[in-house]
Structure formats: structure tokens, C-alpha cells
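The values are calculated or read from the model by the stated rules, or taken from the named source; none is laboratory data. A quick note: this is a predicted structure, and the numbers were derived from the prediction, not measured. Heads up, the Cβs are rebuilt from the backbone with ideal geometry, glycines too, and the neighbour counts pull from every protein chain shown. With ligands, DNA and RNA removed, areas are computed over all heavy atoms of the protein, side chains included. Shrake-Rupley method; radii C 1.70, N 1.55, O 1.52, S 1.80 Å.
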Amino acid sequence: IDIKPYTDWFMTPVNGTETYVQRVRPTVRNFHSFTFTAGLSFSMQRWHLKFNIGKGYRTPIAKELAANGINYHIFRYEEGCPDLNPEQSYQADLSFGYEANKFDFSLEPFVGYFPNYIYLSPTSAYKEGMQLYGYRQNKVLRAGGEVRVGFRPWRFLHFALQAEYLFARQLSGDMKGYALPMTPPWSFDADITYRFCLDKPQNEGRITLNV
């Protein structure tokens, strides 16, 4: 990644002096790593089971390395960190399901460990009138899953309930033991699907109501 320098074309007061602020400093970084994945899949009549483990890798993007200014979409000051290392992850996930004529069920738990997870975190500081958010990197544990239950009383009608939950905890750094910032709350969805023209597959359609 080769990031070119950038300086504002307008002057900004800094410590009582008008100056042209350099927002981005020149940064050149080279990254490399390896990934792997392995899995098992088993099915028997109406049952299925899948298990996967793997190592992931993600290089920091330019914004995470060099951001330095106000995000006017959210009204906060975001500051990158040019010393970020590639994000590594180790994850295991399981998929277990059952499907019958009128009933289906699936459960998909997962757990992931990140030795150096990259994330945006709020701080107590303010810059140019906005709260300062900085990109940081710490050990993080993420776990959760999704469960879904479906019921089909007739060919043309299907009911489904689905719930998702994510647990994300910081394992190092100043906020060790706290939840990961901006982790989404658990969610619950229900939907009803009506299918029509079942006798003519080429014209089949569906209407879904989601809550």
C-alpha cells in the first residue's frame, strides 16, 4: 500500500495560529501472510452437518492507516494508525440442520479469535469540535450464532423465525474486558412467505412479509 501525502488547501487555526494542516502523511507498507481452511460435511436423509475451521487474513485499508479528519456522515473525527499490522483470525463454525416436508430447523454457531483485530473505537478526546475516534488493534474474541425454525402447513405458505446473537469481547488494551465498540445487538426476525403458480414452475412467484 502506497499512500501519498495530502495537505488542506485552506487554513485551519491550530493553537491560535492559522496553518495548512497536513491530513495524510506519506506511508508505504508491505503485507504478506497465509490462510487455510478445512471442513467436513455429512448428510443423512433429512439431516445435515457441516464443520469448518480456518485462518483468515486481512490487510488494513487506506482509511484505517491514514484517516485524519471529520466524517461528516456521522459527525465524528476519525484518525487512522499507520502502524497497524495485518489482521489475523482463527475461526471454527458449525452448521446443523433438519428438513422435512412441513418443518425445517438450522443451528449455526461460531467462535473466532483475533490476535490483532482492527476496529474503530471512541475516545474521551475532542478534535476540531468533534469526538475523536481512533483505529486500534487488540486481541478480540467473537462468538455467536444463528438459529432458524420454519413451518410449512401448506405447499404455498411458509412461516419462519430466526434469531442472531454476537458476543465480542476485547482481550487486551486499555479496554480489556469490555465489549467491542459498535457490536450489533441480538436480533429476531419473523417472515411469512406466500408462493403462487406452483403448478407452473416457469411462472412461480412469491410474496414475503418480514418483521
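Scanning the range 1-48 for residues that are within 30 Å of F96 (Cβ to Cβ) and either among the basic types (K, R) or not in a strand (DSSP E or B) (or both) returns F34, T35, Q45, R46.
Yes/no per residue for (1) in contact with a Ser or Thr (Cβ under 7 Å, 6 or more places away or on another chain); (2) hydroxyl-bearing (S, T, Y); (3) surrounded by 10 or more Cβ atoms within 10 Å (Cβ to Cβ):
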site	(1), (2), (3)
D2	no, no, no
Y6	no, yes, yes
M11	yes, no, yes
T17	no, yes, no
P26	no, no, yes
F31	yes, no, yes
A38	no, no, no
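For the range 131-150, enumerate the residues that are surrounded by fewer than 16 Cβ atoms within 10 Å (Cβ to Cβ) and either without any contact (Cβ under 8 Å) to a residue 40 or more places away in the chain or out of contact with any strand residue (DSSP E or B) (no Cβ under 8 Å at 6 or more places or on another chain) (or both). Passing the criteria: K139, L141.
For beta carbons closer than 9 Å, sequence separation of 6+ or different chains, a first residue in the range 168-181 that is without any contact (Cβ under 8 Å) to a residue 24 or more places away in the chain and a second that is open to solvent by 40 Å² or more (accessible area, probe 1.4 Å) and among the aromatic types (F, W, Y), the qualifying pairs are A179/F167. Considering the range 40-49 alone, what residues qualify as being open to solvent by less than 100 Å² (accessible area, probe 1.4 Å) and in contact with a His (Cβ under 9 Å, 6 or more places away or on another chain)? Within the range 40-49, just S41 meets the criteria.
Of everything in the range 101-118 that is farther than 28 Å from R136 by Cβ and either aromatic (F, W, Y) or not in a strand (DSSP E or B) (or both), the residue that is nearest to the chain's Cα centre (by Cα) is F105. Restricting the range 158-178 to residues that are aliphatic (A, V, I, L, M) and touching a strand residue (DSSP E or B) at 6+ places or on another chain (Cβ under 6 Å), the residue that is farthest from F110 (Cα to Cα) is A160. For beta carbons closer than 7 Å, sequence separation of 6+ or different chains, a first residue in the range 53-82 that is of a type in the set (S, T, N, Q) and a second that is surrounded by fewer than 16 Cβ atoms within 10 Å (Cβ to Cβ), the qualifying pairs are T59/F31; T59/P86; N68/R23. Residues in the range 57-81 that are in a loop (DSSP other than H, G, I, E, B), open to solvent by 60 Å² or more (accessible area, probe 1.4 Å) and within 23 Å of N30 (Cα to Cα): I61 alone.
Among the residues making up the range 156-183, those that are at pLDDT 90 or above and either hydroxyl-bearing (S, T, Y) or within 30 Å of I207 (Cα to Cα) (or both) are F159, A160, L161, Q162, A163, E164, Y165, L166, S172, Y178, T183.
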